[in-house]
Amino acid sequence: MIHRALIALCLISSFTLFASAPPLYQGGVYQASSAPSLRSGQAAPKIEQELRDEEQAEGETCAICLQELYVKDKPTQTLLCKSRNPQALNHTFHTTCIGKWFERDKRCVICRTPIPEYEIQAHNPDAPIDVQRRVQLRLGDMHFVGGNGIPKNYAAALPFLRQASIRDANNPDAPVDVQRWAQLRLGEIYYFGGNGISQNFATALPFLTQANNPDAPTNVQRAAQLHLGDIHYLGGNGISQNYATALPFLMQANNPDALIDVQRWAQLCLGDIHFLGGNGIPQNFATALPFLTKANNPDDAPVDVQRLAQLRLGQIHSLGGDGIARDSVQAKQFLNLANQEDAPVWVQEEAQLQLKKNRSSRACTIQ
């Protein structure tokens, strides 16, 4: 099954908010299967540090107005003090209160941690609500992606994305496209795991389901569909592995209006499902072959996608079946490609093992 660490940064370098697809996969462990798995083992994710655990311990009161903090119709904002000062906590205030405070002081009210100007703008009560929400989304995305001096930090991204993703009495004017992008990012944070956030498919699922709403931008829908397909394809965290449920999501992600990288990864997943078979989907090399062939496109597929597809193509031609004749020449070509140094180590090992089996089989036939 697909090695999910391989795509984590594949698309980040070309990512532009509202214009291109987000980065896709991280994390992963071997899944039990009768066939080789297109995932590699990794350590279990860290225990999640919930956002509230990093907020002020003084209670549920706004330190500026001294009124109850979490009240209907009073939006709140969290300052990410802990990401700048390891000795501090994150501190939450009413949005209007902290906005007025910043007019006189650019530091946190409680711990006096300096707050950069770009973050202050997210708490400006004089800015239109839709502007605030877009700034919050961009701040969340900045911490999600990392770069340009900002470390990737999912825990720091969460409060911004949560604020941008809600549309209710506390946040009535968040634009729909902002909500859907924020929901996608929230789903991806729990889908990937990392930075103190546990990988949890069950937590990711509702966010990704919301991001897959027909009113979402196309790129958001396609990325969410790929993630949803992969969740059901892999299973875990209380989600049953189910290829039949995964297939329609992956077929949608393979739509020509999706970005090429999304299509190629969806094609690889689809090819692998038909290669492995199970969960009501029959193993069928003939069905897998065209998906894997597309995923192996040298012109536009990520290198990792090509190597994984080449491994599967080499195995199909080594084993034969479902109308596909054994072809030792083609098998060797694909397996040698999968065995290159730029392939994941486990893919190289699988390719080497299959090449060894093919040589042994050929030697027995000659004898």
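Just so you know, all these numbers are worked out from the coordinates, no wet-lab data involved. Small disclaimer: the values here were computed from a predicted structure and weren't measured. Glycine gets a Cβ as well: all are built from the backbone with ideal geometry, and neighbour counts include every protein chain shown.
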With just the Cα atoms defining each centre, how far is the stretch 266-293 from the stretch 192-262? Give it in Å. 18
Quick note on 97, 269, ordering by fewest other C-beta atoms within 10 Å, gives 97, 269
Could I have the simple spin-label model distance between residue 345 and residue 293, label points 7 Å from Cα toward Cβ, reported in nm to one decimal? 3.5
Quick note on 141, 304, ordering by fewest other C-beta atoms within 10 Å, gives 141, 304
Check cross-link reach from residue 357 to the lysines: straight Cα distance under 27 Å, and skip same-chain residues fewer than eight apart. 294, 332
Straight-line reach check, residue 152, cutoff 19 Å on alpha carbons, 8 or more apart in-chain or any other chain, hits among lysines -> 46, 82
Only counting other Cβ atoms within 10 Å, I'd like 106, 74 sorted with the fewest neighbours first. 106, 74
